[in-house]
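Colleague: Dropping the structure in here first, questions after.
Laboratory data are not the source of any read-out in this text; all were calculated from the coordinates shown. The shown structure was predicted, so the numbers you read here are calculated from the model rather than taken from an experiment. Note that each Cβ is placed from the backbone with ideal geometry, even for glycine, and that neighbours are counted across all protein chains shown.
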Amino acid sequence: MKQVLITGANRGIGLELANLYAEKGHTVYAACRKSSEPLRRLGVKIFEGLDLTQSQTFETLSGFLTGVKLDILINNAGILIPDNLESVDFTELETQILVNAIGPIRLSRLLLPKLGPDSKLVFITSRMGSIADNTSGAYYGYRMSKSALNAGAVSLARDLAPKKISVGILHPGMVATEMTGRQGIPPRTAAEGLFQQIEKLSPERSGRFFHQNGEELPW
């Protein structure tokens, strides 16, 4: 049985990941800004009040996890604010970079003492952060934030290799959640694919960019 922390676990992909890990008998710590009834029904351990724009909430989460050694930390929480060249709001762009890139790296560094050898540090990112894959433009804040997250995650993979901590960088696919306007594959399907990629995560695959279907993606 593993100890698993999932951020952004109150809805969407995070909720389905929490459900999946709980179904398989693992101990799930579900962190979110505000809990939800579907999350409470899972019977997992809930930390409410995590805000990736407020680093002091990271310390509170760390206190909530006192005495806990994590096997898997899944940084799933994030935001998407659609924009284009004409409409981009630079305050919103900065917020997306703070939430999607800086927050997860900062939280991961704080929680590193809770990760031992052979543990897994996972980032749910997006292929929209791939520069090579960008054929349609727009989404400045989201693309830039996910590119920054990918860069930080690769550095973590290099820096944590001596500690035998593997870093997963995973794209869930286009998933029908509130973030995407309910367009795409079901969240459960995405969660099952992500679960399989996390199971496969190893030192050899650490720091590489994978789709939940197993495809390796370009940077």
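Colleague: Gaussian network model of the chain, Cα springs within a sub-10 Å range: biggest mean-square fluctuation belongs to which of F90, F195, F64?
Modeller: For the chain, modelled as a Gaussian network with Cα springs under 10 Å, the answer is F90.
Colleague: Between Q196 and M1, how many nm apart are label points set 7 Å from Cα along the C-beta direction?
Modeller: Result for the modelled spin labels: 2.8 nm.
Colleague: Picking from G116, N150, P186, whose Cα lies most toward the positive end of the charge dipole for region 98-188 (charges on Cβ: Lys, Arg +1; Asp, Glu -1)?
Modeller: G116
Colleague: Next up: Using only the alpha-carbon atoms, how far is helix 140-160 inclined from the longest principal axis of the chain? Give it as 0 to 90 degrees, nearest 10.
Modeller: The helix 140-160 is inclined about 40 degrees to the chain.
Colleague: Say the cut-off is 23 Å between C-alpha atoms; which of K114/K163; K114/K164; K24/K146; K120/K146 go over it?
Modeller: K24/K146
Colleague: Same structure again: What does the charge add up to near N150, with Lys and Arg as +1, Asp and Glu as -1, over the other residues with Cβ less than 11 Å from its Cβ?
Modeller: Result for the local shell: +4.
Colleague: Using a Gaussian network model on the chain with a 10 Å cutoff between Cα atoms, which of N76, N100, N19 fluctuates the most?
Modeller: N19
Colleague: Please give the length that would be gained between R208 and K163 if that part of the chain were fully extended, namely 0.36 nm times their separation in residues minus their C-alpha to C-alpha distance (nm, one decimal).
Modeller: Going from the current span to full extension adds 14.4 nm.
Colleague: Another question, then. Can you tell me the relative contact order of the chain? Whole percent, Cα pairs under 8 Å, sequence separation 6 or more.
Modeller: 19
Colleague: Turning to a different aspect of this structure: Set the Förster distance to 22 Å, then compute FRET efficiency between T53 and A151 from the Cβ-Cβ distance, nearest 0.05.
Modeller: FRET efficiency, T53 to A151: 0.65.
Colleague: Pick from R40, R205, R11: which residue has the top mean-square fluctuation in a GNM of the chain where Cα pairs under 10 Å get a spring?
Modeller: R40
Colleague: Measure out, as a whole number of angstrom, how far apart the alpha-carbon centroids of region 130-160 and region 197-211 sit.
Modeller: Cα centres, region 130-160 to region 197-211: 17 Å.
Colleague: Please state the charge dipole magnitude for region 3-211, taken about the Cα centre, from unit charges on C-beta atoms (+1 on K and R, -1 on D and E), reported in debye and rounded to the nearest 20.
Modeller: 640
Colleague: Percent antiparallel among DSSP beta bridges with both residues in the chain, to the nearest 5?
Modeller: Of those bridges, close to 5 percent are antiparallel.
Colleague: Write down the radius of gyration of the chain and its Dmax, each obtained from C-alpha positions, in Å.
Modeller: Looking at the chain, its Cα Rg and Dmax stand at 16.1, 50 Å.
Colleague: Same structure, new question: Quick check: residue separation of K45 and E216 times 0.36 nm, minus the Cα distance between them. What number comes out in nm?
Modeller: Using 0.36 nm per residue and subtracting the Cα-Cα distance, I get 58.3 nm.
Colleague: Given the -39500 (n - 2.57) contribution per DSSP H run of 4+ residues, what per-residue ellipticity at 222 nm results for the chain, rounded to the nearest 500 deg cm²/dmol?
Modeller: So the calculated ellipticity at 222 nm is -11000 deg cm²/dmol.
Colleague: If packing is taken as the average number of other Cβ atoms within 10 Å across a peptide's residues, how do 128-138, 145-155, 21-31, 112-122 rank, most packed first?
Modeller: Top of the packing list down: 145-155, 21-31, 112-122, 128-138.
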